[in-house]
Amino acid sequence: MNRVIYILFSMLITLIISCDSNTKTKPQQPETPIKTPETVIKPKKATKSKTILFFGNSLTAGYGIDPVDAFVGLIEKRIDSLNLDYRVINAGISGDKTAGGFSRVDWILDQQRVDIFILELGGNDALQGVDPASSEKNLQGIIDKVKAKYPATKIVLAGMEAPPNMGDDYTGKFRAMYPRLAKTNKLALIPFILDKVGGVPELNLKDGIHPTEEGHQIVAENIWTILKPLL
């Protein structure tokens, strides 16, 4: 009797093991082949290998409006629409003067390689009556640092005008430093970044200094005219 029970028990165990092995599923095979790194579509910005950096003050930062509607954002949209191999970085800080720019440019340059450096500073110097000779020295210092860090970088200098209430002597000296710097350093020059916008009430915010969205569209065109040949 015990032998019969043992035989039946052994048969039951064998049957359970057999059923269990038949019900186990094999690892699923992928429905489609795994993509190789060459065929994977990367995020749009990750494909950009070159960099345009806007280095400036509140104008560059897009004070008073959505940054995407300011001239840096508008330039970025145009570059993306043309599928150009550039990403755009906005390094504008409201209130920054040329001295501040000189102090912080090293840190900015350490963050990423820059292929085109657009220098927009000096407006706040003029508003506060900083000696144009001092402003010019700071701008030259920024240019020197960019060239030392990345010798192949193309630099665009954005010209600015001092307000007329500063007097003819001051405004004349201030205006002259931009073309002089551009000539000395062989830079591309935007003669006056606020051309057709500065002094036009309907194209500026209530402060009379910062462009509206429409004003930024005109500024973006002023920049694009000089930037396009460098791309």
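The values are calculated or read from the model by the stated rules, or taken from the named source; none is laboratory data. In this text, all values refer to a predicted model and were calculated from it rather than measured experimentally. Virtual Cβ from ideal backbone geometry, glycine too; neighbours counted across all protein chains shown.
Summary of values
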| read-out | value |
| --- | --- |
| Filtered residues of region 60-86 (kept if buried (at least 17 other Cβ atoms within 10 Å of the Cβ) and small (Gly, Ala, Ser)) | ALA61, GLY62, GLY64, ALA70, GLY73 |
| Helices (runs of 4 or more DSSP H) within region 1-100 that include 3 or more residues at pLDDT 95 or above, under 13 Å from the mean Cα position of the chain (by Cα) and of a type outside the set (Asp, Glu) | 71-81 |
| Within region 125-142, considering residues that are among the hydrophobic types (A, V, I, L, M, F, W, C) and out of contact with any Ser or Thr (no Cβ under 9 Å at 6 or more places or on another chain), the one surrounded by the fewest Cβ atoms within 10 Å (Cβ to Cβ) | ALA133 |
| Some residue of region 135-146 being among the basic types (Lys, Arg) and touching a Leu at 6+ places or on another chain (Cβ under 8 Å) | yes |
| Odd one out for LEU189, checked against (1) without any contact (Cβ under 8 Å) to a residue 24 or more places away in the chain; (2) in contact with a Gly (Cβ under 9 Å, 6 or more places away or on another chain); (3) under 21 Å from PRO151 (Cα atoms) | (1) |
| Set LYS145, LYS154: member being touching a residue at least 40 places away in the same chain (Cβ under 8 Å), under 29 Å from LEU82 (Cβ atoms) and in contact with an Asp or Glu (Cβ under 8 Å, 6 or more places away or on another chain) | LYS154 |
| Count - residues of region 87-96 that are touching a residue at least 40 places away in the same chain (Cβ under 8 Å) and either under 20 Å from GLU76 (Cβ atoms) or surrounded by fewer than 21 Cβ atoms within 10 Å (Cβ to Cβ) (or both) | 1 |
